[in-house]
Amino acid sequence: MPVVSSDPWSSTPADRFEMLAHEYGTPLYLYDAEDVRSRVQQVRDAFEGQAQVYFAVKANPNLGLLRSLLGKVDGLDISSGGELDQAQLAGYDPASLSFAGPAKNRAELTAAILSGAGCISIESVRELDDCVQIAREQGRRANVAVRVNPKLLNRAFGMKMGGRAIQFGVDEEELHSVLPRIAACADALDFRGIHVYAGSQCFDASGVVEGVTHTLEIVREIESSTALRCSTINLGGGFGLSHTDADKEIDIAALGSALTPVLRSFVASSRVPRRIVFELGRYLAANAGIYVARVISSKISRGKCFFMVDGGLHHQLAAAGTFGAALRSNFVLRNLSRPEAPPVRCNIAGPSCNPTDLLGIDAELPRPEIGDLIGVLKSGAYGLTASPLLFLGRHTPAEVVAVDGKFVLGRRSRPMTDFN
Ligand SMILES: Cc1ncc(COP(=O)(O)O)c(C=O)c1O
């Protein structure tokens, strides 16, 4: 199994970061495509080919990054009409797209059906009725799965997105009324199977196994009680990776060893062909990204040392601890310009007028000087597009992808006035 380096930027010299900062401006996002690709391969290897690997675009929709994964992933999980367009712009075959989300509107459903999207996850009776109506109006069949909100509350997932009253999916106990409606509309719906997404940030391999085991029981129940057959079984994502601890992530090898036999025997005992999918975001992309900001100013306030940088929560909300984290901890930080400087305990503050705009609190890093570049590691997932970009009207950062030995601009920097 290939070893995934914990920091793909660790061997990049200071002058290379400076050159990139000079060319694209700061702040700046950098993504290492090879790191994402090697993680895709690592997941494939762990499941010995029993599971397909989709990338969840919501984690990082950067065009350059998506293009770098063409032919490397089996497909994409998309969650909006915008992501449908982005995926097609990046060159993905619509048949390789899986579309989920609790409030897909008619325009989005129509676009997905007309594109021939591989699988639309039906999350409510309203969506089911809309898909049927749109497909009939357009003279098409919609490829659908039913997204199930399982009875099982899977405590192993840090953020739970099933197993309780929630907006996602059809409650498992309601399947008996929804499935016959799907079966009765075979002229409009090509039923592909089921989709269960238990949540995000699961570090415990046995938690994933428990969730998958329950999902496979749902499949057996559907197939014993209806004539529907689940050729696609989307097992969701949520493999854990810590942004704040350099080495903490789910043990993918242990997960593979525990789950592969379960999947293999399930497929072997099935009378129909199965396509089993994991749709992963954070686990694939987070490690690849680094957010780079320049030190603009410094001061001591009441005995505490502050370094003010030109990047902050408007581009990297999660690093400031305000994107769903129960407890705030510093993301892994590096002084990219002066890695050998003696360490100092300090706060790294962003430029906004909000006191929570802190990329580091009491962080220890090599003592920065004004002009130095500070890197926020593990910024490749839920970074830029999960942040309030227009807050305080600063330029958006450029995003640059290191791919096949080159640096490629994945999205340019834009001034506030571009969004008027
Ligand atoms: C339906 C669905 N699939 C996949 C993902 C990706 O999850 P993760 O990045 O935790 O792997 C999400 C995240 O919210 C999701 O809602």
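Across region 190-199, coupling constants 3J(HN,Hα) worked out from phi with the 6.51/-1.76/1.60 Karplus curve, θ = phi - 60°, read 9, 6, 9, x, 10, 9, 10, 10, 6, x Hz, and Gly and Pro carry x.
For the chain, the mean residue ellipticity at 222 nm estimated from helices alone is -8500 deg cm²/dmol, where every DSSP H run of n ≥ 4 contributes -39500 (n - 2.57) and the total is divided by all residues, rounded to the nearest 500. With pairing defined as another cysteine C-beta under 4.7 Å, the cysteines of the chain that fail it are CYS119, CYS131, CYS185, CYS202, CYS230, CYS353.
When LYS58, LYS248 are arranged by Cβ crowding within 10 Å, least crowded first, meaning fewest neighbours, the order is LYS248, LYS58. Ordering 154-162, 372-380 by mean Cβ neighbour count within 10 Å, with the highest value first, yields 372-380, 154-162.
For the chain, the number of Lys pairs with C-alpha atoms closer than 26 Å, counting only pairs eight or more positions apart or on separate chains, is 17. Counting only DSSP beta bridges with both residues in region 33-285, the antiparallel share comes to about 10 percent. Protection proxy ranking, highest mean first, for peptides 20-32, 215-227: 20-32, 215-227, where packing is the per-residue count of other beta-carbon atoms within 10 Å, averaged. Comparing SER352, SER96, SER177 in a Gaussian network model of the chain (Cα springs below 10 Å), the most mobile by mean-square fluctuation is SER177.
The angle separating the long axis of helix 252-268 from the principal Cα axis of greatest extent in the chain is about 10 degrees. When all alpha carbon pairs of the chain are counted in 20 Å bins from zero, the resulting P(r) reads 26, 53, 19, 1 %.
For the chain, the longest principal axis of the C-alpha atoms and the axis of helix 205-225 are separated by about 20°.
The numbers here are math on the coordinates, done by the rules we state, and not lab data. The model shown is predicted, which means the values in this text are computed figures rather than measured ones. So basically every Cβ, Gly included, is an ideal-geometry build from the backbone, and we count neighbours across all protein chains shown.
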